[in-house]
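Participant: The structure's right below; bear with me while I get my questions together.
The values are calculated or read from the model by the stated rules, or taken from the named source; none is laboratory data. From a predicted model like this one, the values you see are computed outputs, not experimental measurements. Because the Cβ atoms are built from the backbone with ideal geometry, glycine has one as well, and the counts that use them run over all protein chains shown.
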């Protein structure tokens, strides 16, 4: 079994790290650069940087902030938000990112996944999926876009399978109902994707205590777990979490 990864996420708005609940009620969480540096030093396995309003504001990801963050990082760094073209990806990778995350643009133009994978390699392409419960769909979950604002009618599992087929190297799955609630990851949909796909699945949304991470790895069968507020506000330390998981028999990096 591959070692599990612990990934803090920086949701960025107006150049600052923010965090909300169910994608709303955003509050300031601190400096992007200071937090990136801290997580790198504390032993996080990777870092995700999401420019959460780039798509709805119809603008590009803040490349200057990506460049500044890359200077303080010694761990892999994924950037998402407002990415629509190969040129967007090139700018972000040239600024120091290791991977890019695409969401709304991929749903609207699925061929983007294939073109990015072909040019930059599948290991560089993370397909982010914001999932909201919809009992009328086969997987019971619907793909949402525009920062969770817009319904698509697309089933989450069928979209993840299509994304894998088109060249995505990883899936970042966020449960919108769980986001920011701190009452545990959605292990049901996480397990469905993890057991249906051959590429890694990163679980996101709902981390509140160390046991939640254990469950998403053992019950949800996730390859990695992403969290924000529990790390941002010092409720769980990265090394503390890794020590706990090792004691529970879970291999971590």
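Participant: State which residue is surrounded by the fewest Cβ atoms within 10 Å (Cβ to Cβ) when the search covers only segment 119-146 and only residues that are touching a residue at least 40 places away in the same chain (Cβ under 8 Å) and farther than 16 Å from residue 172 by Cβ.
Facilitator: 121
Participant: Closer than 23 Å to residue 80 by Cβ and surrounded by fewer than 24 Cβ atoms within 10 Å (Cβ to Cβ): which single residue out of 236, 171, 199 fits that description? Before the answer, list the steps.
Facilitator: Details: 236 fails: closer than 23 Å to residue 80 by Cβ; 171 fails: surrounded by fewer than 24 Cβ atoms within 10 Å (Cβ to Cβ).
After ruling out the rest, the residue left standing is 199.
Participant: Return the only residue of 44, 69, 36 being modelled with pLDDT of 70 or more, closer than 18 Å to residue 205 by Cα, outside any strand (DSSP E or B) and in contact with a helix residue (DSSP H, G or I) (Cβ under 7 Å, 6 or more places away or on another chain).
Facilitator: Details: 69 fails: closer than 18 Å to residue 205 by Cα; 36 fails: closer than 18 Å to residue 205 by Cα.
Checking each option against the conditions leaves just 44.
Participant: If a residue has to be in contact with a helix residue (DSSP H, G or I) (Cβ under 8 Å, 6 or more places away or on another chain), in a loop (DSSP other than H, G, I, E, B) and closer than 17 Å to residue 251 by Cβ to count, how many in segment 197-237 make the cut?
Facilitator: Residues in segment 197-237 being in contact with a helix residue (DSSP H, G or I) (Cβ under 8 Å, 6 or more places away or on another chain), in a loop (DSSP other than H, G, I, E, B) and closer than 17 Å to residue 251 by Cβ: 5 in total.
Participant: In addition: Hey, among the residues in segment 77-93 that are crowded, with 16+ Cβ neighbours inside 10 Å and out of contact with any helix residue (DSSP H, G or I) (no Cβ under 8 Å at 6 or more places or on another chain), which one's modelled with the lowest pLDDT?
Facilitator: Of segment 77-93, the ones crowded, with 16+ Cβ neighbours inside 10 Å are 77-84, 88-89, 91-93.
Add one more test, that the residue is out of contact with any helix residue (DSSP H, G or I) (no Cβ under 8 Å at 6 or more places or on another chain), and what stays is 78, 80-81, 88.
Numbers: 78: 96, 80: 92, 81: 86, 88: 92.
Looking at the filtered set, the residue picked out is 81.
Participant: Applying the selection to segment 94-123, what residues are out of contact with any helix residue (DSSP H, G or I) (no Cβ under 7 Å at 6 or more places or on another chain) and closer than 17 Å to residue 50 by Cβ?
Facilitator: Result: 98, 101, 103, 104, 107.
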